[in-house]
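What follows is a single structure, written as structure tokens, with notes after it.
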Amino acid sequence: MLTFRYVAADEEPAASLLDAMRVEIAAMYDDLDLDGAGMPKAGPTELGPPGGTFLVGFDDAGRAVCCGGIKRLQDGACEIKRMYVVPEGRGRGVGRELLEKLEQAAGELGYRVVRLDTGPRQPGAERMYRQAGYRPIGNFNANPVASFFGEKQLS
């Protein structure tokens, strides 16, 4: 069981988690810069109020073990961005708990449609999204690297 707190994406511990995610993604995808030209924007402005938010999950010992954000899309839906779980937290349901908390936060912000994406070198993420009810859709955010784009209706 995790405890979640809203933390600005450019404040600690969110900033350190995001740095670790950038390093991991760059290694996984041949030096990909998530914040580079041609990539969907998902910085502190997009992942902050009024249309977005950013969450950090803490374990029982108070360690930050995961993070993720919500970004408003132009059509009134939202997108889950920058989901990250520290390596020690993987395989224990942390990602699924984070996804559920992000969906809850999206609903609290008034969103009824949530979208997300993931790349071809992250089959575990795609599997988790599909199991959570995300159905495949077209490339809604012009992400040149992603291979799975999903959408879910919130109840």
Subject >> Order by protection proxy (mean Cβ within 10 Å, highest first), peptides 108-120, 26-38 >> reply: 108-120, 26-38
**OP:** Only helices at least 15 Å long along their axis, Cα-based, and averaging 0.0 or more on Kyte-Doolittle count here, so list those DSSP H runs from the chain.
**Re:** 14-28
Original post:
Given (1) 48, 38, 31; (2) 40, 37, 30; (3) 53, 28, 27, which label gives Cα extents along the principal axes in Å as computed from the coordinates?
Top reply: (2)
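Every number in this text was worked out from the coordinates using simple rules, so none of it is lab data. It should be emphasised that the depicted structure is a prediction, and the values quoted were computed from it without experimental measurement. Here Cβ is always computed from backbone atoms with ideal geometry, including for glycine, and neighbour counts include all displayed protein chains.
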